[in-house]
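> First, the structure itself, so that you have it in front of you.
The values are calculated or read from the model by the stated rules, or taken from the named source; none is laboratory data. Every value quoted in this text rests on a predicted model; they were computed, and no experiment measured them. Counting neighbours? That spans all protein chains shown, and the Cβs are built from the backbone with ideal geometry, glycine included.
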Amino acid sequence: MKLYTRPLYAPDTSIGKPRDPSMTTTATTPKFVARDVKVHYGDKQALHGIDIDILDKSVTAFIGPSGCGKSTFLRCLNRMNDTIPSARVDGTILLDGEDLNDRKVDPVVLRARVGMVFQKPNPFPKTIYENVAYGPKIHGLATSKEEMDHIVESSLKKASLWNEVSDRLHQQGTGLSGGQQQRLVIARAIAVGPEVILMDEPCSALDPIATAKIEELIDELRQQFCIVIVTHSMAQAARVSQKTAFFHLGNLVEVGNTEDIFTNPKDQRTQDYITGRFG
Amino acid sequence: MTDTVQSSLAETRAPAKVDLKTAVAKRLKARHAAEMRFRAYGVLAICVAVLFLGILLERIVHQGYTAFVTHSITTEVYLDPNRIDPTDIMGANYDQMITEQVMAKMGVAEDEYGTTSGEYKEILSPDLGFKALEALRDDPKLLGKKISLTSPIAANADLYYKGEISRDIVEADRNVSDQQMVWMDDLKTKGLVKGHFNTYLFTNTDSTQPELAGLLGAIMGSAMMLLVTAALAIPIGVGAALFLEEFAPKNRWTALIEVNINNLAAVPSIVYGLLGLAVFINWLGMPRSSPLVGGVVLALMALPTVIIATRSSLRAVPPSIREAALGIGASKTQAVFHHVLPLAMPGIMTGTIISLAHALGETAPLLMIGMISFVPGLPESVTSAASVLPVQIFIWENASERAFHERTAAAIIVLLVFMIVMNLAAILLRRRFERRW
Ligand SMILES: Nc1ncnc2c1ncn2[C@@H]1O[C@H](COP(=O)(O)OP(=O)(O)OP(=O)(O)O)[C@@H](O)[C@H]1O
Ligand SMILES: [Mg+2]
């Protein structure tokens, strides 16, 4: 019995049907090419050789049971695993054809190109304005106050938060609601002008309305960015993503068009997972 | 048959139900009793602590409050040209001259051997003579004129005025004779001697004369020493903690360092004094009993505490803040200095101020580095000899004059006030900065 059938969440049928002509070329070139990525935490192996291509200007969803290594792989994509002393990453990950684990690659520059939104909203305990302006400030993206104001405003607008906070930009970011905070940290990530946005369960703590807002936002951002999202919600994966990757026990079991994964999975494990038989 | 089954079921069930309830009730009773007992212990402990603290404070204040009041004498002094040689103003006996003038004013006759003036001199103060000489040295034209001088009365006289030397004691057992008591009463009724707040305690430096001894030198010394301590302990301690907590790899070496730092925090302070004596004075040749050496020694002593306090407040900053900063491309240093350190600041400041307050009250290591000498003047710089508050207390307590003991308690009160102010500052700073979180 299939619990999740197509009409319930109607995946975006515009896959492959470009919204603007420039997408035709970019949508087919992979932004990331990962080959045989293995991650160890100390002696414990968390990922057993992941091979995946992640397309630009589209949303790729990572799904899979808890502890299967979704976050671990996501963190490989902007080298956040460097900050965990026990973590060891092997294999190659190419970003636009360049090995991002290369010694010559500065993780600081990489993380400016590959932004990340964490599972729990983590705004800085500073004002809303300062939160958004921090990234551009440290990267020297604005030369004047006006430019910075512009970056802050457009980032907040892209994150569809501007209308709610435009009159209180100088109040604490931590004083916002959970959903607003999540959009604030998305705005913070956008403000740096990244090419990729990684989102680790961005809606796990949000109510349906806030979730819907963020999903709308992801759909809009897709036109400019390469987006990778980790989610536990099948419905969400089906709603927002064009590609879906199913992880299981540190392995990438299956990856393909979201439509195909949800309607016609090739692997039994995928089938079991999306129909709710385990996980 | 069904009836019996049902009734037996009811029977088996009923007692079980009652049992559960009574068991819970019984346990509940025991739990409430345990809770009450624990609360009672807590209240008792607080009461005992407050009682001891109260006794301590009462003793100190009771002994010390009189030192905040003193008596001084104001009198007209005729700078008699017959007794002062203008070519050698230092050579004159000002004390004798002033005593005789006061006696004449009070109608006390001198006897032929001069013993009366000798006794009378004891209840005045040698400071009057110094003041007269000083005035004359500043302006030699004053010779032959009358000037008005004020100075603290002799310590024993002061004690008598405050009622601390009673007439009931046998005359031989007290420092003031019956005759002197009569003179003193007379001086007071004639208005020459007046009681007032003891400003000398805060404007004078240490002296061999208790009535002239003040805390200014010790306060200055303590301030200089604390500055040296803060200037060394805060940057080094916070820097070391930042490095260990945020940058250093977690390996055997850093673990070893951590254990050692924790151990150092428990080393008795006198050991730091020995170290200071051996390293800073004997080996590096720093000036003995100077605020510099004292400050360096106390900085060493405060370092482990500062490091531990800083590390724990750094650790209390949620890791999500670091990830947030790193995630948008901040370097590790930027993440630490822009986000982690500001958030850890209230904790760091509290820990630091409290360890500085500890250093302010520290005595033993300072005795080891020779800060026990009598220093009559103000320290000119951090390298000149100085006294500090806790050591001043120690020195005065060991003095033989009773008037010094009174001042000991007063000095303790002053030290306590400084500590309270520092701790209050720690609390206020914490409150202020925490609100921004
Ligand atoms: N910092 C770490 N140190 C040691 N082991 C870790 C660490 N982070 C993750 N792991 C382990 O690696 C494996 C994969 O973890 P990961 O966080 O990637 O799972 P996940 O798929 O994101 O799970 P979830 O859906 O619950 O977030 C788990 O077994 C986890 O215990
Ligand atoms: Mg995860």
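> Which of the residues spanning the range B:205-236 are touching a Gly at 6+ places or on another chain (Cβ under 9 Å) and modelled with pLDDT under 85?
Correct list: B:T205, B:D206, B:S207.
Residues are listed down the side, and each one gets a yes or a no for (1) assigned to a helix (DSSP H, G or I); (2) of a type in the set (V, I, T); (3) more than 19 Å from B:L128 (Cα to Cα):
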residue	(1), (2), (3)
B:T150	no, yes, no
B:R167	no, no, yes
B:Q179	yes, no, yes
B:M184	yes, no, no
B:K194	no, no, no
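> From the list B:Y78, B:Y41, which one is assigned by TED's automatic domain parsing to the domain that holds B:L187, more than 19 Å from the chain's Cα centre (by Cα) and not acidic (D, E)?
From the options B:Y78, B:Y41, the qualifying one is B:Y78.
> A further question on this structure: I'd like to check which helices (runs of 4 or more DSSP H) are fully inside the range B:239-341 and have at least 3 residues that are within 14 Å of chain A (Cβ to nearest Cβ).
Answer list for the range B:239-341: B:252-264, B:319-327.
> For a quick check of your reading: which strands (runs of 3 or more DSSP E) sit entirely within the range A:14-67 and have at least 3 residues that are more than 24 Å from A:I214 (Cβ to Cβ), at pLDDT 90 or above and charged (D, E, K, R)?
Result: A:30-41, A:44-55.
> Please go through the range A:76-117 and give me each residue that is within 15 Å of ligand 1 (Cβ to nearest atom), in a helix (DSSP H, G or I) and touching a residue at least 40 places away in the same chain (Cβ under 8 Å), ordered by number.
Listed by number, the residues that qualify are A:C76, A:N81.
> A further question follows. Restricting attention to the range B:283-306, does a residue exist that is in contact with a Lys or Arg (Cβ under 9 Å, 6 or more places away or on another chain) and surrounded by 18 or more Cβ atoms within 10 Å (Cβ to Cβ)?
First, the residues of the range B:283-306 that are in contact with a Lys or Arg (Cβ under 9 Å, 6 or more places away or on another chain): none.
Scanning the range B:283-306, I find no residue that is in contact with a Lys or Arg (Cβ under 9 Å, 6 or more places away or on another chain) and surrounded by 18 or more Cβ atoms within 10 Å (Cβ to Cβ), so the answer is no.
> Looking only at the range B:114-138, count every residue that is closer than 19 Å to B:R174 by Cα and of a type outside the set (A, V, I, L, M, F, W, C) and tell me the total.
Within the range B:114-138, residues that are closer than 19 Å to B:R174 by Cα and of a type outside the set (A, V, I, L, M, F, W, C) number 8.
> Another question, then. Residues that are closer than 22 Å to B:V317 by Cβ, away from ligand 2 (no atom under 16 Å from the Cβ) and either part of a loop (DSSP other than H, G, I, E, B) or in contact with a helix residue (DSSP H, G or I) (Cβ under 6 Å, 6 or more places away or on another chain) (or both): does the range A:146-162 have at least one?
No.
> How many of the residues making up the range B:369-381 are surrounded by fewer than 21 Cβ atoms within 10 Å (Cβ to Cβ), in contact with a helix residue (DSSP H, G or I) (Cβ under 9 Å, 6 or more places away or on another chain) and not hydroxyl-bearing (S, T, Y)?
So the count comes out to 6.
> Can you find even one residue in the range A:184-195 that is within 14 Å of chain B (Cβ to nearest Cβ), away from ligand 2 (no atom under 16 Å from the Cβ) and surrounded by fewer than 21 Cβ atoms within 10 Å (Cβ to Cβ)?
Checked against the condition, which is being within 14 Å of chain B (Cβ to nearest Cβ), away from ligand 2 (no atom under 16 Å from the Cβ) and surrounded by fewer than 21 Cβ atoms within 10 Å (Cβ to Cβ), the range A:184-195 yields at least one hit.
> Could you identify the single residue in B:T74, B:T87, B:T66 that is polar (S, T, N, Q) and buried (at least 16 other Cβ atoms within 10 Å of the Cβ)?
Sole residue among the options that is polar (S, T, N, Q) and buried (at least 16 other Cβ atoms within 10 Å of the Cβ): B:T66.
> Report yes if some residue within the range A:79-89 is within 16 Å of ligand 2 (Cβ to nearest atom), under 30 Å from A:D207 (Cα atoms) and in contact with a helix residue (DSSP H, G or I) (Cβ under 9 Å, 6 or more places away or on another chain); otherwise report no. Lay out the reasoning, then the answer.
Keep residues of the range A:79-89 that are within 16 Å of ligand 2 (Cβ to nearest atom), which gives A:80-81, A:83-84, A:87.
When the remaining residues are screened for being under 30 Å from A:D207 (Cα atoms), the result is A:80-81.
Filter once more, so that each one left must be in contact with a helix residue (DSSP H, G or I) (Cβ under 9 Å, 6 or more places away or on another chain): A:80-81.
The answer is yes, given that some residue of the range A:79-89 is within 16 Å of ligand 2 (Cβ to nearest atom), under 30 Å from A:D207 (Cα atoms) and in contact with a helix residue (DSSP H, G or I) (Cβ under 9 Å, 6 or more places away or on another chain).
> Does B:D186 satisfy the condition of being crowded, with 16+ Cβ neighbours inside 10 Å and touching a residue at least 24 places away in the same chain (Cβ under 8 Å)?
no
> Among (1) free of Cβ contacts under 8 Å to residues at least 24 places away in the same chain; (2) over 29 Å from A:S71 (Cβ atoms), there is one condition A:K137 misses while meeting the rest; what is its number?
Here A:K137 clears every test but (2).
> Quick test of your reading of the structure: B:V102 fulfils all but one of (1) touching a residue at least 12 places away in the same chain (Cβ under 8 Å); (2) more than 25 Å from B:A213 (Cβ to Cβ); (3) part of a helix (DSSP H, G or I). Name the failing condition by number.
That leaves (2) as the condition not met.
> Could you check the range A:234-279 and list, in sequence order, the residues that are on the phi < 0 side of the Ramachandran plot and in a loop (DSSP other than H, G, I, E, B)?
Residues satisfying the conditions are A:S241, A:Q242, A:N264, A:P265, A:K266, A:D267, A:T275, A:R277, A:F278.
> Is it the case that A:Q224 is closer than 27 Å to A:T60 by Cα and in a helix (DSSP H, G or I)?
no
> If you don't mind, another one. Which of the following residues is surrounded by fewer than 19 Cβ atoms within 10 Å (Cβ to Cβ), over 14 Å from A:K38 (Cα atoms) and touching a strand residue (DSSP E or B) at 6+ places or on another chain (Cβ under 6 Å): A:D90, A:D99?
A:D99
> Checking B:T408 against (1) within 14 Å of chain A (Cβ to nearest Cβ); (2) touching a Phe, Trp or Tyr at 6+ places or on another chain (Cβ under 6 Å), which single condition isn't satisfied?
Against the list (1) within 14 Å of chain A (Cβ to nearest Cβ); (2) touching a Phe, Trp or Tyr at 6+ places or on another chain (Cβ under 6 Å), B:T408 comes up short only on (1).
> While we're looking at this one, here's another question. Of the residues A:N257, A:N264, A:N251, only one is modelled with pLDDT of 90 or more, away from ligand 1 (no atom under 15 Å from the Cβ) and farther than 18 Å from A:L198 by Cα; which?
Only one candidate qualifies: A:N257.
> Among the numbered criteria (1) within 16 Å of ligand 1 (Cβ to nearest atom); (2) touching a Ser or Thr at 6+ places or on another chain (Cβ under 9 Å); (3) on the phi < 0 side of the Ramachandran plot, which single criterion is violated by A:E201?
For A:E201, the exception is condition (3).
> Please identify the pairs in which a residue from the range A:52-72 that is within 18 Å of A:E259 (Cα to Cα) and more than 14 Å from chain B (Cβ to nearest Cβ) has its Cβ atom under 7 Å from the Cβ atom of a residue that is within 11 Å of ligand 2 (Cβ to nearest atom) and part of a strand (DSSP E or B), counting only partners at least 6 apart or on another chain.
Going by the 7 Å Cβ cut-off, the qualifying pairs are A:F62/A:V230; A:F62/A:F247; A:G64/A:F247.
> With the requirement that a residue be buried (at least 16 other Cβ atoms within 10 Å of the Cβ), within 14 Å of ligand 2 (Cβ to nearest atom) and in contact (Cβ under 8 Å) with a residue 40 or more places away in the chain, what does the range A:198-231 give you?
Hits for the range A:198-231 are A:L198, A:M199, A:D200, A:E201, A:P202, A:V228, A:I229, A:V230, A:T231.
> Yes or no: B:I46 of a type in the set (V, I, T) and in contact with a helix residue (DSSP H, G or I) (Cβ under 6 Å, 6 or more places away or on another chain)?
When the stated conditions are applied, B:I46 does not pass them.
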